[in-house]
Amino acid sequence: MILDIRKYGDPVLRKKAQPVAKITDELKKLAADMVDTMRYEPGVGLAAPQVGVSIRMIVFEVADLGLGPVAYVNPEIIEKSGEVASEEGCLSIPKISGDVVRHKRVTVKAMTLDGKEAVVSYEDLPSRVMQHEIDHLDGILFIDRLNPIKRALLRAKLKKISSTDYRLRKE
Ligand code: NI
């Protein structure tokens with residue numbers, strides 16, 4: 001099922017998401033719907049708060065690299081190294097992109113939907129996706145990591161997204 005993507009201005013995107021206590025059928029269904037939504041948009045990653053559910057779960061798929069789709073529950077970055085700047089965007093902030101400095105490599109510890117612990121290392125694009133999606137779980141958006149000049153230049157566009165899309169979604 002395709003879910004509605006929450007846009008910039010929606011308070012759920014700024015909340016710190018709650019840890020998941022238990023893998024349930026409902027959680028698995030949400031993960032499947034998030035994968036459907038990510039593919040539909042299309043995107044390479046999606047965090048639960050982006051579909052309005054403030055819990056610590058992300059999905060990602062980098063099809064070009066044969067990675068995923070996979071869902072990670074309560075993901076945590078336990079190791080990081082290197083720095084690299086590259087262009088980034090976000091399904092919650094349409095039509096905006098900018099260069100963000102991220103770690104080149106990260107190791108992520110998470111739970112998978114079968115209830116097992118996974119420790120996985122990623123480099124380059126998948127590493128960037130992990131950092132971007134885990135940021136969402138802490139209410140951080142990629143625009144927060146742009147340089148101040150670029151952010152200032154985007155202010156009007158951001159204001160437009162938050163006032164139009166967000167107001168439309170409220171009944
Ligand atoms: Ni995003």
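Quick look at the values:
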quantity	calculated
Of all DSSP beta bridges in the stretch 1-109, antiparallel share, percent nearest 5	95 percent
The chain, accessible area per residue, ligands and nucleic acids excluded (1.4 Å, Å²)	54 Å²
Rounded accessible area of residue 114 (nearest 10 Å², 1.4 Å probe)	100 Å²
Carbon plus sulfur fraction of accessible area for the chain, probe 1.4 Å, in percent	53 percent
Computed over the stretch 5-143: relative contact order in percent, which uses C-alpha pairs under 8 Å that are six or more apart	27 percent
The stretch 1-43-the stretch 70-90 distance, computed between alpha-carbon centres (Å)	17 Å
Residue 118 long-range amide H proximity, modeled H, under 5 Å	110, 111, 112
Long-range HN-HN contacts of residue 18 with modeled amide H, under 5 Å	55, 56
For the stretch 5-168, the Rg and Dmax computed from alpha carbons only, in angstrom	15.3, 45
Range in the chain, longest, excluding exposed trypsin sites (Lys or Arg not before Pro) [loop by DSSP; at most 16 other beta-carbon atoms within 10 Å]	23-103
Two-site label geometry, residue 117 and residue 76: point separation in nm, points 7 Å out along Cα→Cβ	0.9 nm
Gaussian network model of the chain, springs between alpha carbon atoms under 10 Å - residue of 111, 130, 34 with greatest fluctuation	111
The stretch 1-49, relative contact order [Cα under 8 Å, separation at least 6], %	51 percent
Relative contact order (%) - criterion: Cα under 8 Å, at least six apart; region: the stretch 87-171	25 percent
Vicinal HN-Hα couplings computed from phi for the stretch 8-13 (Karplus, 6.51 cos²θ - 1.76 cosθ + 1.60; Hz; Gly/Pro x)	2, x, 6, x, 4, 6
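The values are calculated or read from the model by the stated rules, or taken from the named source; none is laboratory data. Note that this is a predicted model, so its numbers are computed, not measured. Here Cβ is always computed from backbone atoms with ideal geometry, including for glycine, and neighbour counts include all displayed protein chains. SASA here: full protein model, heavy atoms, side chains in, ligands and nucleic acids out. Shrake-Rupley method; radii C 1.70, N 1.55, O 1.52, S 1.80 Å.
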